[in-house]
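Encoded as structure tokens, the structure appears first; notes follow it.
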Amino acid sequence: MPGTLRSPVSRRSPKRLAALLALLAGATVVIATALSWHFSSRVIVPDHSHWSSNVEIVALSPHSVTLGRTRVTSKPGVYDIAWEGGSAVLGGVTDAREETVTRRLSGVRGYLLPGMEVELGSEVHNGTPGEALGLPYRDVSIRGELGPLPAWLVPGRSKTWAIVIHGHNGDRQNGLKVVPALHRLGLPALLVSYRNDLGAPDSPDGHHHLGLTEWRDVDAAALYALRKGARRLVLFGFSMGGAVAGRFMADSPRADRVAALVLDAPVVDWTETLEFNASEMGLPELASLPLRWAIGARADIDWEALDYASHLEDFELPTLLFHGSDDGLVPKSSSEELARALPDRVTYVEAAEADHVQAWNVAPKVYEQRLRRFLEDALPAPAPQRTEGTETKKGRPDGRPK
């Protein structure tokens, strides 16, 4: 009614509400910034923690181990368990019950007892190529722009060398599981390190750059291989190693020496990968925006350069692409999109039940068969060297029977 007086409280309420909303907005920004800075460290700050327990040993026998039953412990295939001072190989499931699962056990190093907490992983092979696989190898040092980079060279008869590139916060052991298949094909395998790895130089700012600078260390490895007799190269990238391979193909003067790519759960697009991880944590995809801001502010990241789709012209070569159907870290949709974009170049293999970089683990024989067929097609065998007029074992210079 006209002339009605409002109380002092009612006059101040809009101002108080506005102040409260401003305070909440400011607090939200501060919290989002702090969380983004925290999670950005998980992406760009090197972390070489040896192991973290995620499985308990329930029972043990000389050739089997019983674990608590989970989705992870029940997966088909071959894995490894690691603990402080030891490791072992987990084979297939031999018994599955409501609360436990029993798997084959082999290759035990160290003391393993019931009640111990161990980490279940996908490396399978631990140690050097000699220790883990019984293969001849050499420790080599590659001259990188920041200093010497340790590598393992498993020799082979071919003039095509495979350069095996591990993933985020990984190491050379990550690639050991594919070395026997490469060795059977005769390809020398160079398992490389790059900046921020243990034993390798730190990057100037101490951060990962998600492939934008790491490719230069792979380029140094490529130059090493070419100087040691390689004619052609195969880049074999796992996870972030796929992003490293992508920047190599875009930036390296030696990209034209690459005859084929093999990518296993590669980070094809870092932006999509961060959005996927936000979604996996129950957050909206927009939650990745402050995270990308924090990463970019700390490590000067060019996000477009880390998207394969921005330079598809660099992948006009045979490519074998593995991705697990259950990958919870790198979205398989990125790999599917790459395969659709380059249908005449990319052979896409989806591994059922495989989590991140577990395509080999869930079905080693299938993985190695696909790898062998791909490389035999992509790398035609060189013609056998013969002396003029010399007969082959079948009796004629051209190999036909007499």
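Some points to look at:
- Environment charge of LEU153, counting only residues whose C-beta is closer than 13 Å and scoring Lys/Arg +1, Asp/Glu -1: +3
- Computed on protein heavy atoms with a 1.4 Å probe, the accessible areas place ARG104, ARG254 in the order ARG104, ARG254, largest first.
- Sorted into 5 angstrom bins from 0, the C-alpha pair distances of the stretch 75-203 split as 2, 10, 17, 19, 17, 14, 10, 6, 3, 1, 0 percent.
- Remark on LEU320: its backbone amide H falls under 5 Å from those of LEU261, VAL262, LEU263, THR347, a criterion applied only to residues 5 or more positions apart or on other chains, H modelled at 1.01 Å from N.
- Averaged over residues, the count of other Cβ atoms within 10 Å places the peptides 147-160, 231-244 in the sequence 231-244, 147-160, highest first.
- When the pairs LYS75/LYS159; LYS159/LYS332; LYS228/LYS332; LYS75/LYS177 are compared against a 27 Å limit on Cα-Cα distance, LYS75/LYS159; LYS159/LYS332; LYS228/LYS332 fall above it.
- Long-range HN-HN contacts of ARG69 with modeled amide H, under 5 Å: THR100, VAL101
- Electrostatic bookkeeping for SER53 treats Lys and Arg as +1 and Asp and Glu as -1; over the other residues with beta carbon under 9 Å from its beta carbon, the sum is -3.
- Carbon + sulfur, % of accessible area of the stretch 280-367 - ligands and nucleic acids excluded, 1.4 Å: 54
- Amide H contacts under 5 Å for GLU353: SER325, ASP326, restricted to partners 5 or more places along the chain or on a different chain, H placed in the peptide plane at 1.01 Å from N.
- Among 325-333, 365-373, the order from most to least packed when residues are scored by Cβ within 10 Å on average: 325-333, 365-373
- Counting only aspartates and glutamates at least 8 places from LYS365 when in the same chain, those with an alpha carbon closer than 18 Å to its own are ASP80, GLU123, ASP264, GLU350, GLU353, ASP355, GLU376.
- Prolate/oblate/rounded label for the stretch 269-326 (Cα gyration tensor, a/c 1.5): oblate
- Remark: the stretch 111-128, residue by residue, has Karplus-estimated 3J(HN,Hα) of 9, 10, 9, x, x, 6, 9, 10, 9, 8, x, 10, 6, 6, 9, 10, x, 7 Hz, where x stands for each Gly or Pro and the curve is 6.51 cos²θ - 1.76 cosθ + 1.60 at θ = phi - 60°.
- The stretch 170-287 shape via C-alpha gyration tensor axes, a/c threshold 1.5: prolate
- In the context of the full set of protein chains, the stretch 96-178 has a per residue accessible area of 49 Å² (1.4 Å probe).
The values are calculated or read from the model by the stated rules, or taken from the named source; none is laboratory data. Worth saying up front: this structure is predicted, and the values here are computed from it rather than measured. Neighbour counts are summed over all protein chains in view; Cβ atoms, including those assigned to glycine, are modelled from backbone coordinates with ideal geometry. Only protein heavy atoms, including side chains, enter the accessible area calculation; ligands, DNA and RNA are left aside. Shrake-Rupley method; radii C 1.70, N 1.55, O 1.52, S 1.80 Å.
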